[in-house]
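This report concerns only the one structure given below.
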Amino acid sequence: MPTPTCPERHIFDILIIGAGPAGTAAAITAARAGLSTAIIDKARFPRSKLCGGLISGRAATLYAQIFGGALDPNLFEPRTRISFHAGGAPLGSAVESPEMFLSMRCDLDAHLLSLAIAAGAVDLTGHRIEALELEGIPSARLADGRCVMGRILIGADGVNSMVARALYGRAYNPARVGFAMEVEAPPLPKAERTTIRIDLGAADWGYGWQFPKASSTTIGVGGIACANPDMRARLTDYRRVLDEQSVVPVKGHHLPFGEVRHVPGRGAILLVGDAAGLVDPITGEGIAHAMQSGAAAADAASAALARGNTAAALPAYRRALRPLHRSLRLARWLRPLLYGRRTRAPVLRAFAASSVLKAMYLDLLAGRAEYPALCRRALWRMPGALWRHRRGAETQAESGKTLAKRRKPG
Ligand SMILES: Cc1cc2nc3c(=O)[nH]c(=O)nc-3n(C[C@H](O)[C@H](O)[C@H](O)COP(=O)(O)OP(=O)(O)OC[C@H]3O[C@@H](n4cnc5c(N)ncnc54)[C@H](O)[C@@H]3O)c2cc1C
């Protein structure tokens, strides 16, 4: 990218590129801390954004902490049940889910942006960036010729981040990145809208989902991109399983599905949300981590500016992200158990039979537990489960012997 040379310069404390959940969380946090803040997005809001729009309990809690206020039921539709399937067959009956919501990202993101602007962030959405300069005081030249600078720059521009590309030469690793395809099908009848459906195995190293909302039904499949070169066909198959054949556009988008950037930035530049690879490699959840990292980056930037040392922001931000990084790394390590060819079938059988495993998955979605705590809980239960498994096998063998004796003539 060429270096910006502009006649008109504006210097902000914080310059944010990208106005999704990560960028708006950073903007509202920085503006409320009294920092002069500008947020740029190439899109004008409301803008469409391909996403299931599932707001987990974790995301809902973060929304309340960062943006404040009650959850508007028009933006956050509560859902109370979840059903798991594999190969089209149910893995047990639908269960009560913890607090969970469905949203349309077009509306949600416009709402988040309006809150950030109301808090004092300068709205530079609807402006394309022509040039980005990351050396010295970071700056961006907009298509209208204006040059905006930020003592600290926060890259919140998603999986195809231009900031990450400027720093590292590419935004993601094509061998690891995820890919998902979705349709917005017509809404289901009201009585059938209570249950969220997850289909494990609808894509390789991923899953399918049916999210019934008031205005539409979001149906999608997603997984590791290189394991699913036929993702469109997988979506067609999945829609057939759901008996859904409406004529609607099919759209696809990458997601950083297990690609955590261990050093999310350089100098006075911090990467947040998808730009920092913060999507859960098992569930695909990204909205909560986007909000969390956006707010954490703004806090770290605010403390660094107060000390007059912008370079202090990145180490402080990395420290704040440590628990999340640890959890996502562990999830990546666990992923082959759930999605690997050899282990998938026994794990799915165990999942179908075990209310405990389902409860663990739901605790994860609710944000009541993270992977390290879930692993500790699983290890704690392991001796008991093995003992019960052995007892079961022994009892089966015993009853087999008795039956054989009874059948013996004489
Ligand atoms: C099909 C699909 C389904 C998903 N479903 C879920 C789900 O149900 N629940 C969940 O939690 N997560 C889900 N995710 C993940 C979730 O969408 C992301 O993790 C989340 O949107 C990340 O937020 P973000 O703010 O980092 O980036 P984004 O939401 O992608 O926002 C980035 C912003 O940057 C702007 N931008 C990009 N490039 C530039 C540029 N050059 N200049 C200026 N602006 C730019 C974009 O216009 C955009 O507004 C899904 C992802 C996909 C692909």
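For the stretch 1-118, the fraction of 1.4 Å probe accessible surface lying on carbon and sulfur atoms is 55 percent. Per-residue Karplus couplings for the stretch 92-100, computed as 6.51 cos²θ - 1.76 cosθ + 1.60 with θ equal to phi - 60°, are listed in order as x, 8, 4, 10, 4, 9, x, 3, 8 Hz, Gly and Pro entered as x. Would you mind getting me the FRET efficiency between Arg128 and Glu398? Use the beta-carbon distance for r and R0 = 51 Å, nearest 0.05. Computed FRET efficiency for Arg128 and Glu398: 0.10.
With respect to the chain, whose longest principal axis is taken over its alpha-carbon atoms, helix 231-241 is tilted by about 50°. Packing around the peptides 141-153, 266-278, taken as the average count of other Cβ atoms within 10 Å per residue, puts them in this order, highest first: 266-278, 141-153. Taking the 1.4 Å solvent-accessible surface of the stretch 193-268 as the whole, the part contributed by carbon and sulfur is 55%. Within the stretch 1-112, antiparallel bridges make up roughly 70 percent of the DSSP beta bridges whose residues both belong there. Multiplying the residue separation of Arg377 and Val356 by 0.36 nm and removing their Cα-Cα distance gives an extension gain of 6.5 nm. Per residue, how many Å² of accessible area does the stretch 9-326 show with a 1.4 Å probe? Each residue of the stretch 9-326 exposes 38 Å² on average to a 1.4 Å probe.
Compute the long axis of helix 371-407 from its Cα atoms, compare it with the longest principal axis of the Cα atoms of the chain, and write down the angle in degrees, 0 to 90, nearest 10. Rounded to the nearest ten degrees, it is 10. Comparing Ala227, Ser36, Gly145 along the charge dipole axis of the chain, the residue lying farthest to the positive side is Ala227, per the Cβ-charge model. Counting only other residues whose beta carbon sits under 13 Å from that of Gly120, what net charge do I get with K and R as +1, D and E as -1? So the surrounding residues net to -1. Electrostatic bookkeeping for Thr194 treats Lys and Arg as +1 and Asp and Glu as -1; over the other residues with beta carbon under 15 Å from its beta carbon, the sum is +2. Helix content alone sets the calculated 222 nm mean residue ellipticity of the chain: runs of n ≥ 4 DSSP H residues at -39500 (n - 2.57) each, divided across all residues, give -13000 deg cm²/dmol.
Pairing the Cα long axis of helix 287-306 with the longest principal axis of the chain, what angle in degrees results, from 0 to 90 and rounded to the nearest 10? That helix lies at roughly 40 degrees to the long axis.
DSSP finds beta bridges in the stretch 9-326, and of those with both partners inside it, around 60 percent are antiparallel.
Residue-normalised convex hull volume from the C-alpha trace of the chain: 153 Å³ per residue.
Summing charges over all other residues whose Cβ lies under 15 Å from the Cβ of Asp13, with Lys and Arg as +1 and Asp and Glu as -1, gives +3.
The values are calculated or read from the model by the stated rules, or taken from the named source; none is laboratory data. On a predicted model such as this, the values are computed, not experimentally measured, just so you know. Quick reminder, even Gly has a Cβ in these numbers, built from the backbone with ideal geometry, and neighbours come from all protein chains shown. In case anyone asks, the SASA skips ligands and DNA or RNA and just uses the protein heavy atoms, side chains included. Shrake-Rupley method; radii C 1.70, N 1.55, O 1.52, S 1.80 Å.
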